[in-house]
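*Asks:* The structure follows.
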Amino acid sequence: LGGAGRLYTEEDPLVILSSGSLKSAVTNSSSAWLIQFFSSWCGHCIQYSSTWKALAQDVKDWQDAVSVGVLDCAQEENFDVCKDYSIKFYPTFKVRQHVPAAGVYTDAGADRSIPSVRQLMVNILQNHTNLDRPKHCPPLEPYSAAQLLPLLGQRSDHYTAILVEEPDSYVGREVILDLLQYSGVQVKRALSSDRPLVDALKLTAFPSIYLLHPNGTHAHLHSEKPLRFFFSSLLRTLPGVQRRLKSSSTSSSGASQVGALPGKQNTEPWRDFDRSKVYMADLESALHYLLRVELATHNTLEGEELKIFKDLVTLVAKLYPGGGSVVKLMETLSDWLLSMPLQRIPYQAVLDLVDNKMRISGVFLGAELRWVGCQGSRAGLRGYPCSLWTLFHVLTVQHDANPTALDNTGLEAEVAPVLQVMRRYIRTFFGCRECGRHFEQAASVGMDNVQNREQQILWLWQQHNRVNMRLAGSLSDDPLFPKAPWPSPSLCASCHEEKNGIHVWNQDNVLRFLRHHYAASNLSPEYSV
Ligand code: FAD
């Protein structure tokens, strides 16, 4: 089946199996499997595909222990294998325990909701004996007071999180699996019925986490809400806890291209910063890089490219918060561009203006890249792409706060001018081609539905989160700043809820948070020029 007709693509966080790959992928695998045999002509399978993708996303970090796959029985090459496995109805779910060589498939019943499939996956894993459990799967059975209490006060090279819960709760096992790809923390579960443990740790509410620190101290870990998402996020962001990088890049190619950009930051001293703030130094560095490096690879700008450049300069001149040098520079640049009768300008003239003429009049953009909130733990990580996202988030929020700012610029007629200018810039100039292709694809599907300034803020937030999810664990993921749904519960607890066992966003609170986070009042001038 070609492109649009396919229910699942390589971009989905699951394994697309075929008769050719099924045996080798599954038999040689070190994990258990849950496979959906479907048919791309079956209407119900089409509807169910979004649930299955959401499930696969939800348990993406469990894949070393249990993998999720799909196999399309409507493809001719798969007819035989579907017959061999006696697939009569679609979808049919089969699980395969991790039993080397002689693994058997068993039916996993009819289609279900995400939480019940998730529980089924936990049950599959628990059905293994200690000997045949997938090698990356830690024990899922509860530990006892006798096993856990001696750990209190001991030093270690990692955190130990003891998640204590009611006997029928799955949260503990889900959190253990959520942390599978992370080093620096071990999660163990225990039961609320274990009185000696509960009394010793003085726990009164369940589920809750008792945390043993590497230095031997220990305490109850405060979580705003007793939910899987909160527990997992808190543990993932403990100091020193890191995602183990995959050995090979995933579909998120392009990362190395973006990452290879500014190379200076590893020789620079670390700049302490506050994750709840936005730093002017990052915005200035974004513009520095954009104007002096990214665009400077173009000898001349003409036609559509020139128009896109002018629009970007106008947008920044009108919406950049706080006045100051940057706004003056962009205003001068904008006036200069508008006054030029030429259809084609040599880019050197722009550089001269930015570098020399402006400096003489005391208006200049930082002469160097200075990442703060966008610092990477080593050269090649974070930096420019991070600051570009930040800049556009700021601009969506500024547009919302100043609705008339773009009047008489030619951009006022657009429903979502910030997104449209960003889209055109990324498509035309952003150095990472693959990123541009992904972004354009997303924009062509959803950007035109944006009706107002609030939706403009939320669309960019949502799209950025999609990229975060796709890139989590890839080579461009900085271990010190692992990609995760943002804002985390520690930045905004009220942004997160759980509905029917699934994490959901409270969009009203997300909007409120974004308006605050990217507001002019939350911009820190520290480290800025
Ligand atoms: P970033 O993702 O760059 O985020 C920067 C900061 O923004 C974070 O530190 C956080 O404070 C905040 N933030 C995070 N999420 C959100 C959110 N949802 N809403 C609001 N603020 C948020 N790389 C690829 O490998 N493949 C791609 O296809 C790709 N596409 C890209 C498309 C665009 C338009 C851009 C600008 C970048 C793209 N990149 C891509 C780069 C990638 O998204 C990251 O920017 C880069 O890997 C650096 O990541 P980071 O950890 O600094 O965080």
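The values are calculated or read from the model by the stated rules, or taken from the named source; none is laboratory data. These numbers come from a predicted model, not from an experiment. For neighbour counting, all protein chains shown are included, and Cβ atoms are generated from backbone atoms with ideal geometry for every residue, glycine included.
*Asks:* Does Leu283 count as within 16 Å of the ligand (Cβ to nearest atom) and modelled with pLDDT under 95?
*Replies:* no
*Asks:* Okay, moving on. Collect the residues in the range 376-394 that are farther than 11 Å from Leu283 by Cα and more than 9 Å from the ligand (Cβ to nearest atom), keeping them in residue-number order.
*Replies:* Correct list: Ser377, Arg378, Ala379, Gly380.
*Asks:* Now for a different question. Against the condition modelled with pLDDT under 95, closer than 27 Å to Leu245 by Cβ and surrounded by fewer than 17 Cβ atoms within 10 Å (Cβ to Cβ), how does Ala54 come out, does it pass? Outline the logic, then answer.
*Replies:* Working: modelled with pLDDT under 95: yes; closer than 27 Å to Leu245 by Cβ: yes; surrounded by fewer than 17 Cβ atoms within 10 Å (Cβ to Cβ): yes.
Answer is yes for this residue.
*Asks:* Looking at the range 81-89, can you tell me whether even one residue there is buried (at least 21 other Cβ atoms within 10 Å of the Cβ), in contact with a strand residue (DSSP E or B) (Cβ under 9 Å, 6 or more places away or on another chain) and part of a loop (DSSP other than H, G, I, E, B)?
*Replies:* no
*Asks:* Could you list, in sequence order, the residues of the range 38-84 that are aliphatic (A, V, I, L, M) and more than 25 Å from the chain's Cα centre (by Cα)?
*Replies:* Ile46, Leu71, Ala74, Val81, listed by residue number.
*Asks:* Here's something else I'd like to know. Checking Ser494 against (1) of a type in the set (Gly, Ala, Ser); (2) crowded, with 18+ Cβ neighbours inside 10 Å; (3) part of a helix (DSSP H, G or I), only one condition comes out false. Which one?
*Replies:* (2)
*Asks:* Right, here's the next one. Within the range 175-188, identify whether any single residue is touching a Gly at 6+ places or on another chain (Cβ under 9 Å) and either free of Cβ contacts under 8 Å to residues at least 40 places away in the same chain or at positive phi (or both), and answer yes or no.
*Replies:* Within the range 175-188, one or more residues are touching a Gly at 6+ places or on another chain (Cβ under 9 Å) and either free of Cβ contacts under 8 Å to residues at least 40 places away in the same chain or at positive phi (or both).
*Asks:* Which residues, taken from the range 492-522, are under 11 Å from Trp461 (Cβ atoms) and free of Cβ contacts under 8 Å to residues at least 24 places away in the same chain?
*Replies:* Cys495, Trp505, listed by residue number.
*Asks:* Next question. Just give me the residues in the range 483-529 being among the hydrophobic types (A, V, I, L, M, F, W, C), away from the ligand (no atom under 12 Å from the Cβ) and within 24 Å of Leu381 (Cα to Cα), in sequence order.
*Replies:* Leu523, Val529
*Asks:* Taking the condition over 26 Å from the mean Cα position of the chain (by Cα) and surrounded by 17 or more Cβ atoms within 10 Å (Cβ to Cβ), does Ile35 pass? If you could, list the steps in order and put the result at the bottom.
*Replies:* Details: over 26 Å from the mean Cα position of the chain (by Cα): no; surrounded by 17 or more Cβ atoms within 10 Å (Cβ to Cβ): yes.
Taking the combined requirement at face value, the residue does not satisfy it.
*Asks:* So which residues in the range 458-482 are within 6 Å of the ligand (Cβ to nearest atom) and under 24 Å from His399 (Cβ atoms), if there are any at all?
*Replies:* Trp461, His464, Asn465, Val467, Asn468
*Asks:* If you don't mind, another one. Starting from the range 447-466, keep only residues that are farther than 12 Å from Val510 by Cα, then list their pairs with residues that are within 9 Å of the ligand (Cβ to nearest atom) and outside any helix (DSSP H, G or I) whose Cβ atoms are within a distance under 6 Å, requiring at least 6 positions of separation or different chains.
*Replies:* Asn465/Pro485
*Asks:* Filter the helices (runs of 4 or more DSSP H) completely within the range 366-454 down to those with at least 1 residues that are surrounded by fewer than 21 Cβ atoms within 10 Å (Cβ to Cβ), under 22 Å from the mean Cα position of the chain (by Cα) and of a type in the set (Gly, Ala, Ser).
*Replies:* The qualifying helices (runs of 4 or more DSSP H) are 433-446.
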